[in-house]
Structures are given as structure tokens and as C-alpha cells.
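The values are calculated or read from the model by the stated rules, or taken from the named source; none is laboratory data. What you see is a predicted model; the values in this text were computed from it and never measured. Positions of Cβ are backbone-derived with ideal geometry, glycine not excepted, and every protein chain shown enters the neighbour counts.
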Amino acid sequence: MDVLALPAFHASHAGSWLRDAAGTTRTVGKGEAVTAVADTPHLILNAPLVATRLGYPDLSGLDVLELFAFVHPARFVVPTAKGLAYALGLEEPGDDAQVPRLLQEAAGTLLATCATPEWAEREGAWSALQSLTRLRWTWAAPLTNRIARPEHAERWLFAKLPEWDDAGEQPQPKQVTIDEAETLTRLQRLTGASAEQRTSQRDYAMRAAGAFSPRRKPGEPHLLLAQAGTGIGKTLGYLAPASLWSELSGGTVWVSTFTKALQRQLRQESRRAWPERRADGSQPVVVRKGRENYLCLLNLEDALQGGFAGRAAILAHLVARWAAYTQDGDMIGGDLPGWLGTLFRQRGITALTDRRGECVYAGCPHYRKCFIERSSRASAGADLVIGNHALVMVNAARGRDHAARPTRIVFDEGHHVFDAADSTFAAALTGAETIELRRWVIGPEKTSRGRRRGLSARLADVASYDEAGGRAISAAVAAAEALPSDGWLQRLVEGTPHGPLEELLAAVRATVYARDESGGTEAGYGLETEAAGLEGPFVQLAQSARAAIAELRQPLIRIGTRLEAMLEEPPDWLDGQGRQRIEGARHSLSWRVDLLAGWEALLERLGGPADPEFVDWLAIDRSEAREFDIGIHRRWLDPMKPFARTVLEPAHGVVMTSATLADRTGCEDEDWRLAVSRSGAPHIGITPQMSQHESPFDYAGQAEVLIVTDVPRGDIPALSGAYGRLIEASGGGVLGLFTAIRRLRAVHGRIADRLARGGLPLYAQHVDPIDTGTLVDIFRDDPAASLLGTDALRDGVDVPGRSLRLVVMEQVPWPRPTILHRARRLAAATEKGGAAAYDDGIIRARLAQAFGRLIRSKDDSGHFVVLSPAFPSRLLSAFPAGTPIRRASLEEALQRVASHGQERAMNEQAALPPA
């Protein structure tokens, strides 16, 4: 076995261990550990996490994960000792004390791989190593003697990436109707001839097939709301008619999700219906995300050529290694390791994506190799596009990407469509938003490097050719000076705002603090107040800001007009690539013009009568009592109104499906009321079809709900004690859900060390420096581990098997009483059941989503615990029918959880084959 003879160090909540180069391991205290690792570089695993455990933020050394990312870019590994051992075929360490030995073995194995001819990712490694050596990367020296210089010069990344091909416009799909027999035949093919025939899945597929029929009238799509319980196989249920319709019609179906986890699952499931590649090499299935998810090659080139410094520059070179091997360039939830960015303790990953909308399209030297453009073009000819709710809505609203405006859409995780529409069709005039617009127009304050030089540089050729266009660009740049600039927030705090927008934001800040009635109890959260009853001076500042925004919007409109004229009567020098660049510039301008128009409309209303269709408020966004943004917000009272107009009306067939789509009120007539109103159907005058398909699981035998009645609300020591004891009784495998980050951190801080000493590792969102997706990977990989989190873990987490056998909620998930929630609650007061019923529907949905994490397969079993001394009985219908529900003391709950664990262990032992 290859072992690297360097000292290794590991720290967890259970303690710290040092192993010297000779192979002797010993337990050490934190003080000695800090002294040792500060003096001599040690092998470590996930430096930021170890630093958190050690309480030494400046920890550095030879992180084995960095070496893994260099040797095996785009290869999945769970960033734990167990995960590393599995990925490299090494023996898993039995306990924390054996982890340093594993690190020496893993490092030796990775370095030895580099010296073998079988190394699959050799190409480009030698060139990358030369750059990393100049950057003094800690792994450069150990790698130097193991990577031989190639006989021929290696191609630069940007030269070897393949180019995408243009294709003609796709014809309209044929008008076809799918019958039930065809759908069931296709479903059987996808599930397999030997698979169990599930009646609920067959019924679901037949109902979904109806949404693919041609519509009868313009603006009236077929709309199906399908409640599909966990375990019926709804993914294949809708992929059966979707694949059949696409095959017969030649059209494209879009499946839209809310979480990246479901996108990955869908990509895997789709392989049953479509091959990886067609005979001509094209992709029948394409995953689409927003531009901000993909690597921007021009940003990467800037970073590699000096735009990044220090550790960030090392990250850029590791990302470049990945870019040569990635499947699609997706940096957020794709095949770039989620943990890679966190190793560098900064937001370097986001700086390599197109988050500011500065793309110059065909003006980019890497345009023909662009991952974003490749994905967009591939989706135009795909049979199935796997997107997300926000992307579908944004493309529909902006209307540029016709390939992204399909006629058949399946909204999986349909209970999130309302929330996605709420965010998509919102307006926010904030410091962060305005400074981004300023940078897009003028360029950054501190540097003129690369293409981030503002509108003048990006459209220099237009200005030189077209005098009117040049004047409009100059006017826009001058007008943008009125927007907030670097240091705006500090100036507001100091009372020295500069310009009309900063003066308005200063007034927002002063008003919010003046009206605050929390008495300091909301120190960890943002503050807000209604945009009502505003005094004259505030309204005057708002109108001055509106005038400044209008002063910017008008020249941007003129620039767009001049670009359109250039396309209609192109100059001799404007080639095809130039036209594409101009088209891209028009697109960027149009949505920024719309953004400014929204801000103008928002400010115009201040001081006047309220618009009943919108909810406006002033807010200070804070984290840990630190202000990070200030502004004025507007949301639709019912965001499904613009959704219906932009998404539903153009479509022919839409399926909204989820395991928690309909409410569980206990009254069948009321269950669908909220789902129908949140589908958008009433706004275009259609009546949706509704279908309900119950889960096949035996909830009476597989699960039990325990309402713990003796843990006082707000008592952190009692809450911490309950969590710690429940995790011990279950032997790990606990998903703990919190409604407040502050309480999550307090509980984690009190129990993590004790649990770790007992062999029960505890991870937590907002505590551990690890992205959420990787935390779930770690949790899934270790049946002894437990994970604490907030809303992001309440929905979309799929952890079947022993790794999740107990879900604990710290309290009833009441809606936070924001201004927006209050307005919608009041609007619901006139409906049947009133405002209280509105709140209850939200709570039941959250409980149902959380419970859905527990039972993911027919072999799963476990408990769902809510630590609530006063759990209202009217909310109990949130849980599946037949699920046993018991109100119990903590001691009783502990006994039931422990006895279930013992019974399961005995059953698993009995199932093992004889020795």
C-alpha cells in the first residue's frame, strides 16, 4: 500500500489526534494541536471544518481533498474519511483515531496514481502543476516528481474544449393524442417487465397523459393538479406519457423542479426512457439552469491571468482542471464538488459564474465553447429538458428564449410553484441591486480589468459607428453616477449619503429603525415596516430617486433602439457573430429597462393610495445583527396572476404534481381549495383537473408520530437535552429541523461534543463550513451521523434507508409574521375558514413535507417527533391517514425510539445469511 510519510492531523468534536511520519498516533489537546500544525504542515481532511472543530481559523496544511480535486476532477467523493476510503478503495477507519493513518494512505494512493499510465485525467495536469507551483500550492512539491513532462505540449483548456454547433429552428410539434393503452405500455417498459404493477402509478400516468393533448382554445391549457403520495413512482408516471408524446410529436417536454437534488434524480430516471446520446451525437435529455449556475469561461480566463490572487488563484486552477472533464459546466449542484469552494473559505466559485449579467455573448472569445450557450442550444432540440421553476418563469417573462417556452410542462415539487412565482415577479429597490446596476453600466470602481469595464467599453464599436447611439451610451453612463457606489452602506451608517438613491436608502433605514417595536429582541433578524404613512420629506426623496432612475432608463431605451436599427440596416463590418453579440446586448438592455420601470412604478406609488394588487414595505436585511442590505420591496399579493399570464396562457398542457399539493384539512371539499387558487387557473378562467393518488406505504406499521408535551418552549437547555437524548436513543440517523438559526446553533453547541465522544457525529447547517448538498451527502453516507438544519432540509431531501430513521422538529412551524404574510392572511380572511385556516394550511404543508423525509421506501421505518407542549389537534391531519399519533412525555418518547432501534437491529441481524 502506498503511504505518504508526512505527519497527519485530525480533529472532531470528540478530540484531536496527531500521527507522525513514522506512523505513531497519539491523542493531543487543542493547544498542542494548534502549536504542531502551525509549526509543520500536516495532512488534513477538509481544513475549514477541522479549523472549526479546533477553534483555530488560520489552520492550513496539505488538504487531501485539494489533492483529490486535482487528481480526479469531476469525480464524486463524500468529503469524509469514510467517503475518501470508499472512493480510493481503502480500508475504512474504525474510529477518529485511525483517520490520520487513512490520510497518509489516501495521499500516497493519489500521488501514486499520478505516476501510472492508467491515470484517466492526466491530460493538462503537468501544465496546471507548473502554474500551481508558481502559486506555492502546498501539494506542488509532492506532485512534481510524480507527473512527468509530456512529450508534446499540452493544449490550453480554452483550445481543447469542444465547440457547440448551430442548428436550424425546430418545427412545430405534431398534433397527437395519447391513449391510455399506449401510456400503460410505455410505463411498463420504463419500470421493467418484472417490476411490481402499482395501480396508483398506472392511474397517475393515465391522468397525466391527458395534459399532453392539443388544447381546444387559445389561452386555455389542459391543467392537471396531481397529488401523488411518496412511493407511487410519480417520476416514471409522468415520464411515460412525456416520452411518448415527444416521440410521436417531435416536440420538447419541460420538467421543472424546485430543488437541484430532484434534478439529479430526474436525470438518472430519464435514462430509462432515453439513451445518453442519439445516433448523431446529440442529447435527447438536457438539464437547464440559470446562467448563474454555469462556469463563465471568460471569468475563468480573467482569474487564471491574474484576476485572482493567493488562495483564490489556486482555486481557479483547480476549477480549470475540472472544466476540462465536466459533463456540462454546472458549478452549482453539477459535477463540481460542492465542497471545493468551501475549502478556500470565500466566494470564489460565484465569482467564476455570470452573476452580474455582464455576458457579451458573441463578443466573447470563448462564445463557441460556452457551457451556457451549449446547454441552451442542446435544449432546443431535446426531447426532455429538466429545468427549474425560476428558469421557466424568467424565460417566459422575458420572452427571449423561445426554446425555453415549451407547450408542455410538468411542474414537479408543484407545491413550490407559488413561492417561485413570488420571488420571480417581485421588485426590490435595494442598495445591493442598485450598485450591481451601476457596475453594469459604468464598470467597477477599483479596476478596469477584463470585460468588466462598463457599457461604454462593451459597445465601443457601436458608439464609434452610430453617433446617436454613442450619445445615448454617454448619457446612460452619466445618469448611472446617481446610483449608489462602493462604500454606500458605510456612508448610510455614518449619515453621509451621496446622491438621490443613497439619500432615499438612508431615509428607509431611519424610518425602519424609528418604527421598530421589537425592543431589540429581533437583533439577529432583519427589520421591516409598511410603506405606508410616510411623511412628506420621505416622499420627496422617493420622487427625486424616481427622477434619477428615469434619467437612466431613457438613454438605455435609446441604446436599444439604435441596436435594433443596426440589425435592420447592418453596416458592412457586422458579420454573423457581431449580430449575435448585438442581439445579446439588446436582451441585456431590455430586461434592465424593465427593472428600472419596475423601480419607477414602485417609487411613484409611495405616499399615494395603496395598490390592492401589491404589498410594499421597507426593510433592513441583517445577519447576526450586521446590516448587509437596505431597500424597498414589492410583491404581488397573488403572484399566480402574472404566472398565469406569462406561463399558463401560452402553454397547451401543464401538470402540477407533488406529494403535498393538496391540503389535508380533514374535509375533502376543502382539501383542493388552496391548491386551485395557487395554480393560477382562476386568473385565466379555467377549471383544472384534479387527481389524488395515495402512497402505497404502510404508515400504520412503518411510522409513528410522537408529540412531546413536556419540553418547555423557549427553554434552550431543555431543548438541547431533548435533542441530545433523542439522538442517543436512536443511535444517530436523526434529521433535526429548526425554525430559527439561533436556536439551531445553541443546541448544536451544547450537544455536539458529547455525542461525538459517543461515536455519534453531529453536523449542522449554518455551523459547519460545508454547503447544504454536501452535508446531506455526508449524512446519507453515515448511519451514525445526525444533521441539524432549517427550511432547506425540510423539503427535497431524499435519504432512504437506515441513515434517516428519526425526524425531530423543535416546534410547530408557525409562519413568520412578516408584513407580506399578514397581507395575504388578511386577504384570506374573507374566504371560507378565514385567516386562521390560511395559517393552518401553511403549517400542515410544512409538517407534511417534513414527515415525507422519514419514509422514502417500503423498507423504511421510524419516528417523527415534534417538541411541542401544545400541538393543536386540527393540525394532526397533516400526517398520512393511518399513521399512529401519540402525545407523550420525553421519557416515553425516548423509550419508544430506543425500542424501535433495538427491534430494527434484531430484524437486520436475523436477515443476515448464516456465517
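Tally the residues that are at positive phi and buried (at least 16 other Cβ atoms within 10 Å of the Cβ), restricting the search to the range 472-502. Walk me through how you get there before you give the answer.
Within the range 472-502, the subset at positive phi is 487, 495, 499.
Applying the additional criterion that residues be buried (at least 16 other Cβ atoms within 10 Å of the Cβ) yields 499.
Number satisfying all stated conditions: 1.
Yes/no matrix, rows are residues, columns are (1) surrounded by 20 or more Cβ atoms within 10 Å (Cβ to Cβ); (2) in contact with a strand residue (DSSP E or B) (Cβ under 7 Å, 6 or more places away or on another chain); (3) farther than 24 Å from GLN327 by Cα:
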{"site": "ARG207", "(1), (2), (3)": "yes, yes, yes"}
{"site": "GLY210", "(1), (2), (3)": "no, yes, yes"}
{"site": "ARG216", "(1), (2), (3)": "no, no, yes"}
{"site": "PRO221", "(1), (2), (3)": "yes, yes, yes"}
{"site": "GLU247", "(1), (2), (3)": "no, no, yes"}
{"site": "SER256", "(1), (2), (3)": "yes, yes, no"}
{"site": "ARG267", "(1), (2), (3)": "no, yes, no"}
{"site": "PRO275", "(1), (2), (3)": "no, no, no"}
{"site": "SER282", "(1), (2), (3)": "no, no, no"}
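You will find that of ASP95, ASP58, ASP63, the residue that is within 30 Å of GLU301 (Cα to Cα), touching a residue at least 60 places away in the same chain (Cβ under 8 Å) and charged (D, E, K, R) is ASP63 and no other. Of all residues in the range 383-398, those that are under 8 Å from SER256 (Cβ atoms) have Cβ atoms under 6 Å from Cβ atoms of residues that are aromatic (Phe, Trp, Tyr) and modelled with pLDDT of 90 or more, 6 or more apart or on another chain, in GLY387/TRP254; HIS389/PHE258.
The single condition among (1) in contact (Cβ under 8 Å) with a residue 60 or more places away in the chain; (2) out of contact with any Asp or Glu (no Cβ under 9 Å at 6 or more places or on another chain); (3) part of a loop (DSSP other than H, G, I, E, B); (4) not aromatic (Phe, Trp, Tyr) that GLY338 does not satisfy is (2).
Has the range 386-402 got any residue that is in contact with a Gly (Cβ under 8 Å, 6 or more places away or on another chain), more than 30 Å from PRO769 (Cβ to Cβ) and modelled with pLDDT under 90? Yes, the range 386-402 has at least one match. Only residues that are more than 13 Å from GLY732 (Cα to Cα), without any contact (Cβ under 8 Å) to a residue 60 or more places away in the chain and in contact with a helix residue (DSSP H, G or I) (Cβ under 6 Å, 6 or more places away or on another chain) were counted across the range 773-808, and they come to 2.
The residues of the range 229-276 that are among the hydroxyl-bearing types (Ser, Thr, Tyr), under 24 Å from ALA662 (Cβ atoms) and assigned to a loop (DSSP other than H, G, I, E, B), listed by number, are THR230, THR259.
The set of residues from the range 462-471 being assigned to a helix (DSSP H, G or I), among the charged types (D, E, K, R) and surrounded by 15 or more Cβ atoms within 10 Å (Cβ to Cβ) comprises just one member, ARG471.
Scanning the range 713-732 for residues that are in contact with a strand residue (DSSP E or B) (Cβ under 6 Å, 6 or more places away or on another chain) and assigned to a loop (DSSP other than H, G, I, E, B) yields one hit, GLY732. Taken together, ALA675, ALA651 contain a single residue that is in the same structural domain as LEU224 (by TED's automatic domain parsing) and either of a type in the set (D, E, K, R) or assigned to a helix (DSSP H, G or I) (or both), which is ALA675.
Among the residues of the range 441-461, write down those that are aliphatic (A, V, I, L, M) and either part of a loop (DSSP other than H, G, I, E, B) or modelled with pLDDT under 80 (or both). So that I can check it myself, show each step before the final result.
Our first condition is that a residue be aliphatic (A, V, I, L, M); within the range 441-461, this holds for 441-442, 455, 457, 459-460.
Hits for the range 441-461 are ALA457, LEU459, ALA460.
Within the range 294-325, the set of residues being over 18 Å from GLU66 (Cβ atoms), of a type in the set (Ser, Thr, Tyr) and either at pLDDT below 90 or surrounded by fewer than 23 Cβ atoms within 10 Å (Cβ to Cβ) (or both) is empty.
Could you go through the range 874-882 and let me know if any residue there is part of a loop (DSSP other than H, G, I, E, B), in contact with a Phe, Trp or Tyr (Cβ under 8 Å, 6 or more places away or on another chain) and surrounded by fewer than 17 Cβ atoms within 10 Å (Cβ to Cβ). Yes, the conditions are met somewhere in the range 874-882. The condition of being under 13 Å from ARG101 (Cβ atoms), free of Cβ contacts under 8 Å to residues at least 24 places away in the same chain and either of a type in the set (Asp, Glu) or not assigned by TED's automatic domain parsing to the domain that holds ILE751 (or both) does not hold for THR35.
May I ask you to list the residues in the range 388-399 that are surrounded by fewer than 24 Cβ atoms within 10 Å (Cβ to Cβ) and over 18 Å from ALA427 (Cα atoms)? Can you show your working first?
Taking the range 388-399 first, the residues surrounded by fewer than 24 Cβ atoms within 10 Å (Cβ to Cβ) are 390-391, 393-399.
Scanning the range 388-399 gives a single hit, GLY399.
Residue pairs whose Cβ atoms lie under 6 Å apart, sitting 6 or more positions apart in sequence or on different chains, and linking a residue in the range 627-650 that is more than 17 Å from ALA610 (Cβ to Cβ) to a partner that is of a type in the set (Val, Ile, Thr), are GLU627/ILE620; ASP629/THR430; ILE630/VAL508; ILE630/ILE620; GLY631/THR430; ALA644/ILE684; LEU648/ILE684; GLU649/ILE684. Whether any residue in the range 561-570 is modelled with pLDDT under 95, farther than 30 Å from TYR361 by Cα and in a helix (DSSP H, G or I) is what I want to check. No, the range 561-570 contains no residue that is modelled with pLDDT under 95, farther than 30 Å from TYR361 by Cα and in a helix (DSSP H, G or I). Return yes or no: is LEU223 touching a residue at least 12 places away in the same chain (Cβ under 8 Å), part of a helix (DSSP H, G or I) and not β-branched (Val, Ile, Thr)? It is false that LEU223 is touching a residue at least 12 places away in the same chain (Cβ under 8 Å), part of a helix (DSSP H, G or I) and not β-branched (Val, Ile, Thr). Residues in the range 544-569 that are of a type outside the set (Asp, Glu) and either without any contact (Cβ under 8 Å) to a residue 12 or more places away in the chain or out of contact with any helix residue (DSSP H, G or I) (no Cβ under 7 Å at 6 or more places or on another chain) (or both): ALA547, GLN554, THR561, ALA565.
Taking the stated definitions as given, is ASP859 assigned to a helix (DSSP H, G or I) and not aliphatic (A, V, I, L, M)? Here the answer is no, as ASP859 does not meet what is asked. Where helices (runs of 4 or more DSSP H) fall wholly inside the range 80-199, the ranges with 3 or more residues that are buried (at least 18 other Cβ atoms within 10 Å of the Cβ) are 81-88, 99-114, 125-134, 180-191. The sole residue among TRP119, TRP156 that is modelled with pLDDT under 90, at negative phi and either over 32 Å from the mean Cα position of the chain (by Cα) or not polar (S, T, N, Q) (or both) is TRP156. Look at the range 158-181: where a residue is within 23 Å of LYS369 (Cβ to Cβ), no partner that is loosely packed, with under 11 Cβ neighbours inside 10 Å sits 6+ places away or on another chain with Cβ atoms under 8 Å. Regarding ARG377, is this residue in a helix (DSSP H, G or I), surrounded by fewer than 21 Cβ atoms within 10 Å (Cβ to Cβ) and over 21 Å from the mean Cα position of the chain (by Cα)? Against the criterion (in a helix (DSSP H, G or I), surrounded by fewer than 21 Cβ atoms within 10 Å (Cβ to Cβ) and over 21 Å from the mean Cα position of the chain (by Cα)), ARG377 qualifies.
Taking the listed residues ALA514, ALA532, ALA601, the one that is outside any helix (DSSP H, G or I) and either under 35 Å from the mean Cα position of the chain (by Cα) or not basic (Lys, Arg) (or both) is ALA532, with no other qualifying.
Quick check on the range 742-766: of everything there that is under 18 Å from the mean Cα position of the chain (by Cα) and modelled with pLDDT under 95, which residue is nearest to PHE864 (Cα to Cα)?
GLN765
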